[in-house]
1. Any chance you could count how many residues in the stretch 485-504 are at pLDDT 90 or above and assigned to a loop (DSSP other than H, G, I, E, B)?
2. Report yes if some residue within the stretch 358-374 is hydroxyl-bearing (Ser, Thr, Tyr), over 30 Å from Ala694 (Cα atoms), over 34 Å from the mean Cα position of the chain (by Cα) and in the same structural domain as Ala206 (by the TED database); otherwise report no.
3. What is the residue count in the stretch 358-392 for residues that are of a type outside the set (Asp, Glu) and part of a helix (DSSP H, G or I)?
4. Out of everything in the stretch 577-599 that is among the hydroxyl-bearing types (Ser, Thr, Tyr) and part of a loop (DSSP other than H, G, I, E, B), what residue ends up being modelled with the lowest pLDDT?
5. Could you please let me know if Ala515 is farther than 27 Å from His852 by Cα, crowded, with 22+ Cβ neighbours inside 10 Å and more than 41 Å from the chain's Cα centre (by Cα)?
6. Which condition does Ala49 not pass, out of (1) over 27 Å from Val280 (Cα atoms); (2) surrounded by 15 or more Cβ atoms within 10 Å (Cβ to Cβ); (3) touching a helix residue (DSSP H, G or I) at 6+ places or on another chain (Cβ under 7 Å), if it passes all the others?
7. For Gly740, are the conditions met, namely being touching a His at 6+ places or on another chain (Cβ under 9 Å) and of a type in the set (Gly, Ala, Ser)?
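The values are calculated or read from the model by the stated rules, or taken from the named source; none is laboratory data. Quick caveat, the model's predicted, so the values are computed rather than measured. Here the Cβ positions follow ideal geometry from the backbone for every residue, glycine too, while neighbour counts run over all protein chains shown.
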Amino acid sequence: MPSHFSSDASPQATPTLVEAAPKHDYLSTLIKTRSAGALCQGLRIRGAAPRLISRFNECVARSGLGSAQTSLWREDLPILSDDLAADRRRTLELMRPIDTNGVCALRGALLEFTDGVADLIIVASRRFIDAATIRDIATLLTGEAVPDACVPLVVRSPKAAEIHCNDGAASIPEWGLGGQPPKPGYGEMKGRAFNAAVSPQRLVEAISLVLTRFEARTSAVFGMLGNPAGARARGIPHARLLSIGIEQTATVSDLASAVHMSLVTGSATEEPAGITDAAVGIVWSVERDARDGETEFRSYQTPPFALSIEPHVRDGRVIGITYGFDRGCFSTAMVQTFDSAVASVCEFLEREHAEGASRVLASIGLLDAASAADVAACGALKRLPSGFKPFRIEQRIAAFAASQSDARAVTYEHRSLSYRELDGLSDQIAGVLGEIGVREGDRVGVCLDRSLELVPVMLAVFKAGAAYVPLDPAYPADRIAYTLTDARPALVVGAPGALPTGLEIRSIDLDTLLARAACFAGPLPQQPRSASAGAYVIYTSGSTGRPKGVVVPHRNVASLVAATEDDFALSSADTWTMFHSSAFDFSVWEIWGCLATGGHLVVVPYWITRSPEEYAQLLAREAVTVLNQTPSAFAQLLAAESRAEQKLAVRLVIFGGEALDARMLLRWFDRYPEPVCRLVNMFGITETTVHVTAETITRTHALANSRVVGRALPGWHVYVMDGHRHPLPLGVPGEIYVGGVGVANHYLNREDLNKQRFLSDPFADGRMYRSGDRGRLLKDGRLEHLGRLDSQVKIRGFRIELDEIRAVLLECPYVSAAAVVANRSSADDAASARLDAYVVLASGTVAGVRRHAANVLPEHMLPSTVTPLQSLPLTANGKLDAARLPTPKFGSSSNKASRESPGEAVRQAAPENSGGSLLEALRQIWSNVLDLDVGPDDNFFDLGGNSLYAVRLATAMRDQGLPALPLRELYLRQTLRGIAGYLDSANAPEAREAAQQ
């Protein structure tokens, strides 16, 4: 059980040993899960052969061991005792294990050499003999003294019924390898020499504190063989599993009390809840490999723990440490890192105890000031170009309008704008915005579908001195209304019918705006404007149930362009696509990254973004050179592009928005080798201006499925800190903080959240953003991304707060409790990612819950399943027990609750008898893709369908010779019967022929 702090325990008191009744002896777990060599100790004694034999027999007699439990053999070796061959033979005997599941407890081998010297090699099983016994045996063999005859030489061995069967090996800490690949075999390393010897208890305190920080836990769990006193202790097993709890408010004195109670009373000998074994352990023993010519000890043959910490104790004080470790679990570099942290904390705790031990543990970091500064510098290796000056986006584009006026700037379908036309049209629109009241510092909502005019409108907002607030017209009216109410824009530009009614916000539809702009004579008022002013406000998912607006200034976008322009060789020769919604921050990079470097931007129509085949054709037709994709979308494009005969002109692919499984890129490398097309994985956050790091992906990355996301961009800083905001050593996982030129201004109207997330940078001027992402810095400054610390998830590129979805569900009047979890049907398949909701209903139906959620949440945040429960399963602490949630229930034809859509009438109008054989062919395809038994009236999206599965349906239909299904029709009709009716009427001869085949 975890040790609790007690004010009655004095860390300075002399240990008083008491009887303790452990739940089970941890030794039994070690016997079941460790190799024989891990639980074998070795001893070498040099002397005269007759005396050694006599003493050995006396030890056996004193031990009470039976003849079957001991053995001794002699061997004459025709070599001198100081020959290299003699040393190899001694090592061989010391390292020959005893089967710890057998009855043998003690084995002796007497080696006699031609110079009259004899070495007695003893190997003992820890199942019967502990370190104190080995010391007593050594004393008997050397004849230095006669141990107390009342003290038994052999400890109790666990009975068969007491052997604890562990279901699996100890959980290896995530920090063990520090992001490096494992290696075979075992390693040994001497730790850093202490400036001054420390008490054994202080060492355990330091190890406890370091483990909690390395593992981000409130308790340190580790094993222990032996005890610090070095003597046999009644009531305290010589093998224990300890859990030292460390509360947020605990002091140095509290920690000392907890460790003291564990060490001297055996109070922590019960296994911690849910934990049966430990990867890290302390081995208290005689000094390891202490060669004095006559005696040599070995505490183990192979490390009993994946990381075995063996203190060197002299006169009751620890003077150093030796580490034995499994290279498959711990790298040498991380063992060195761990040792350095333990030594530093040890020395710090010694000083604190001398000064009163009242300091709160949360205020103690693992690194001294100099080391922390070095680690911080590792995450900020590059600076922006020396001549860089922040610019406003519209000024940069105006410069290209002057230098390459006739070059294409924006294309949508068959229409294009040159840089001169883009600049002129945006001037005219800006003039109208000014006429109707948009002023410096205002915000302007832009609620437009993809079109040729979308970019000029956003550019015009800049020229009017305002910041744009992008809104996706496809979002539910309630969500758009909330965003507008929160952002309080001076004006909203929207497509006809796109804006909710009843809002007291000025608006103008696009057609009216363009008509008035055509009549604007200009010129625009010229006035200096700051690059520090807000450029846009993008709303991202929020845990409170409503999204939050991130205010990003022009200078941040300018810095992003400056940080990447040279490295990516961005120029006016490039053609980019705007693939993502303007309400998704990836679009900021696509639009302004392109136009601020003089490139040609192709705005991709919505339905083409949903069709990989058509998108691949567009990429080829427009000779696109720079492609930005989420990994989920690229996986679909890759499959479609691989079937095309014509190769693409793409020279640069940038991944972002979600974790990249690099293995899928092997097919791309076969078609586009690394010198032809560069692939870059970028980690980014809306609050730090789209991108933070960049890593060029090679075939080696793909083969290793690397999670490394690269070094910080020039001007950006990456820190990894513990829960108390102390920098962590390189290789240790923690929370990612981002500083530098990309940090956004603030959240709009969220002062409390601003104080929690936008913090003063301790290592540089300015602020840093607390991301909530987990990661670790590698020694070369690259960042490895390890997921999230909170309920936030990434699905198909969208950043989603599960708590926001839960809050929306709880707003439904008949939902009394709710939970939302992210799942994958297949760990390797991004398309199978989904959101599963569970609700406790006081009344009403699941269909009503779905309709309520659909009125507020955008499509990418709608749960794929909603499962009703009598109550939510909870842990003993009253938290959701996600492991006990049942398998989710998918929607079916008997319980339809799809979002109201323009296709509802189309679905209802589908003929009842549409295409019997075609319907069956479609049903089989849907069942195979969705891995469900699908009925004719089941709704594709209620069954967990999404845009990625939709692409697979279209591909499977094509492969089986069925007529082509435009994705638009799937979104409109959504059921098997509706799709069959459409295909039967639109492609009657082809559909029937394919179905019959």
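1. Keep residues of the stretch 485-504 that are at pLDDT 90 or above, which gives 485-494.
Keeping just the survivors that are assigned to a loop (DSSP other than H, G, I, E, B) gives 488-490.
Of the residues in that region, 3 qualify.
2. Filtering the stretch 358-374 for residues hydroxyl-bearing (Ser, Thr, Tyr) gives 358, 363, 371.
Among the residues that remain, those that are also over 30 Å from Ala694 (Cα atoms) are: 358, 363.
Among the residues that remain, those that are also over 34 Å from the mean Cα position of the chain (by Cα) are: 358.
Narrowing further to those that are in the same structural domain as Ala206 (by the TED database): 358.
Checked against the condition, which is being hydroxyl-bearing (Ser, Thr, Tyr), over 30 Å from Ala694 (Cα atoms), over 34 Å from the mean Cα position of the chain (by Cα) and in the same structural domain as Ala206 (by the TED database), the stretch 358-374 yields at least one hit.
3. Going through the stretch 358-392, the residues of a type outside the set (Asp, Glu) turn out to be 358-367, 369-373, 375-392.
This time we only want the ones that are part of a helix (DSSP H, G or I), so: 361-363, 369-373, 375-378.
Within the stretch 358-392, residues that are of a type outside the set (Asp, Glu) and part of a helix (DSSP H, G or I) number 12.
4. The first filter runs over the stretch 577-599 and keeps only residues among the hydroxyl-bearing types (Ser, Thr, Tyr), leaving 577, 581-582, 587, 597.
Remaining after also requiring part of a loop (DSSP other than H, G, I, E, B): 581-582, 597.
Numbers: Ser581: 91, Ser582: 94, Thr597: 98.
Checked the stretch 577-599; the qualifying residue modelled with the lowest pLDDT is Ser581.
5. On the way: farther than 27 Å from His852 by Cα: yes; crowded, with 22+ Cβ neighbours inside 10 Å: no; more than 41 Å from the chain's Cα centre (by Cα): yes.
So Ala515 fails the test.
6. (3)
7. yes
For (1) of a type in the set (Lys, Arg); (2) closer than 30 Å to Val345 by Cα; (3) touching a strand residue (DSSP E or B) at 6+ places or on another chain (Cβ under 7 Å), each residue gets a yes or a no:
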| residue | (1), (2), (3) |
| --- | --- |
| Ala640 | no, no, no |
| Asp661 | no, no, no |
| Phe669 | no, no, no |
| Pro673 | no, no, no |
| Arg678 | yes, no, yes |
| Met682 | no, no, yes |
| Glu695 | no, no, yes |
| Pro714 | no, no, no |
| Gly731 | no, yes, yes |
